[in-house]
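Before any comments, here is the structure.
What follows draws every value from the coordinates through simple rules; no lab data is involved. Note that this is a predicted model, so its numbers are computed, not measured. Cβ coordinates were reconstructed from backbone atoms using ideal geometry, including for glycine residues, and neighbour counts include every protein chain displayed.
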Amino acid sequence: MKKILSSVVILLFITAVSNAQIKKATLQASGLTCAMCAKSVYTNLTSLSFVESVDTDLNASAFEIKFKEGQHVDPEALRKKVEDAGFSVSQLHLEFDAKNHKLEHDTHLKVGNSYYHFVNVKSKEYNGPITLHVIDKDYLTAKDHKKVVGGSNLDCYKPGNTTKCVMPNHEVHELNIFHVTIK
Amino acid sequence: MRKLISLVVLVLVGTTHNQLAAQELYVFSDPASNVPAKSLSLKYNGKFMMENRPSSKVLLSRHMAEASIGLNKKLMFRPVFTFSNMYGRGDMRWESAGIYVKYRFLSSDAIHRHFRAAAYIKGLYSANSLRYEELTGDGDQSVVQAGLIFTQLVNKLAVSTTIGWTEVINQERWLKYDGPRLFGYRSLNYSLSSGYLLFPRTYKSYEQTNFNFYLELIGSNAIDRKAYFVDLAPAMQLIVNSNTKINLGYRFQLSGNSFRMASAAPSFSFSVERTFFNTFRK
């Protein structure tokens, strides 16, 4: 019942489709201090087909990732690569070029093959570069994730519940919806 | 003796307020962390010790070849082969072959810190006949080993502890013999390891050579007889190009009554390890 209810609620969401692309991202990895550990994250990230280049800030364990033009950017793939290296994602910021995008709390935006679900964002028309902070579980440290949970009671966009997010009207792949906020 | 051990423990764990960056790529033990998934790490390790025989001094050496393979982020395995002149008549020969499997069952990451726990099991066949009270998984006896590893990285200091069981499975263990035995078949092994990054103080690139210092306490208590030893092992490590480790270690006995190789003489170790990231990925 709960599932059906949330599905109905999801249907009511306005889904905007955007041709704009995510051009770059800043990813911080946690659980490491050594250059050799960072190297394994770096090597893994550069092996992704949609990644153009990766710049590392070794002292902060941060990776600035530039994406290839016209390619779908999959945040899930980025996270898996970091975890395969043996570490975790503690921050993922996606740079998105907004072009008259009307965004508000609880709206969806389709970019490439992914849906971005906006949580606690100011209702307005966005123009120019905006930074999307991914707030799902496993994209933040456990501590930071706790801080953002509680913004909503709805199962679907409760961070960390990406797999349960199904939109009946769209062919949405599981794990293909990301909850983001703009700061 | 007990005082000395507590002092060492204090040095190993009491430096968490130090801001030095640390490493957990220990020279004498394994951390709870695994090699990265789909990557391959090849290692040569040489162990050298001098045995004083009545007529001559003999350099004993063991040469180990290991290949660590990351199946996924949680599971790795490592085939290992050893050659030595430590048994037999002093000639270098193939000595043992084994496999080590490690499963990381807990991982909690935060910025510049983590806590990990892993379980391991090792099976090793050795061509040596039983001789010493010291039981190892390095080729001395045919053994089955299992244990737990806990590694904590706090404020850039990595401390790791291992506790494990060693069971000798050489056939001669079960041969009927009523005389006295010089050795046992079962022991509890443990280690406490700590590592510091001495250079660089600030990272600039992957090509920078890293210099690490390690201090490890390695001990063993026999379970089926009264024998024990506690060793201290300092080691230095260079990491070149963020993929090649060069280790130099020294290991000596702090305390013990076990009947050990070369009358518990100290040993040197030298190892080189190269990691090939992403080897097994399409």
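Quick notes
- Going by neighbour counts of Cβ atoms within 10 Å, the residues A:F118, A:F63, B:F259 line up, fewest first, as B:F259, A:F118, A:F63.
- Two-site FRET efficiency, A:A142 against B:R53, from Cβ-Cβ distance with R₀ of 51 Å, rounded to 0.05: 0.30
- Spatial separation of Cα centroids for segment B:192-263 and segment A:90-148, in angstrom: 46 Å
- Note on A:A20 and B:L71: their simple-model spin labels are 4.6 nm apart, each label 7 Å out from Cα toward Cβ.
- Sequentially through segment B:237-253, phi angles give Karplus couplings (6.51, -1.76, 1.60; θ = phi - 60°) of 9, 10, 10, 9, 6, 6, 9, 10, 9, 10, 10, 10, x, 9, 10, 9, 7 Hz, Gly and Pro residues having no value and appearing as x.
- Backbone phi angles across segment B:258-268, fed through the Karplus curve with coefficients 6.51, -1.76 and 1.60 (θ = phi - 60°), yield HN-Hα couplings of 6, 7, 10, 4, 6, 6, 6, 5, x, 10, 10 Hz in residue order; Gly and Pro are listed as x.
- Treating r as the C-beta distance of B:F252 and A:S47 and R0 as 56 Å, the FRET efficiency rounds to 0.80.
- Peptide B:138-151 is shielded by partner chain Cβ atoms: per residue, an average of 0 of them sit within 10 Å of its Cβ.
- Between B:L188 and B:F115, the distance separating the two model label sites (each 7 Å from Cα on the Cα→Cβ line) works out to 2.3 nm.
- In plain terms, the bigger the Kirkwood radius, the slower the diffusion; for segment B:44-101, with that radius from Cα pairs, at 37 °C and 0.692 mPa s, Stokes-Einstein puts D at 252 µm²/s.
- For peptides B:35-41, A:35-41, sequence by mean Cβ density within 10 Å, most packed first: A:35-41, B:35-41
- Gyration tensor verdict on segment B:2-276 (Cα atoms; rounded if a/c is under 1.5, prolate if a/b is larger than b/c, oblate otherwise): prolate
- Summarising the label geometry, the points placed 7 Å from Cα in the beta-carbon direction at B:A262 and A:E69 lie 6.4 nm from one another.
- Note on B:D224, B:D178: ascending count of other Cβ atoms within 10 Å places them as B:D178, B:D224, the fewest first.
- In this structure, the amide hydrogen of B:I169, modeled 1.01 Å from its nitrogen in the peptide plane, lies closer than 5 angstrom to those of B:S142, B:V143, B:V144, counting only residues at least 5 positions away or on a different chain.
- Counting Cβ atoms of other protein chains within 10 Å of each residue's Cβ and taking the mean over peptide A:55-63 gives 3.
- Sites matching GluC sites (Glu not before Pro) across segment B:151-219 that sit in DSSP coil, with at most 11 neighbouring C-beta atoms within 10 Å: B:E207
- Fewest-first ordering of B:I69, A:I65 by other beta carbons within 10 Å of each residue's beta carbon gives B:I69, A:I65.
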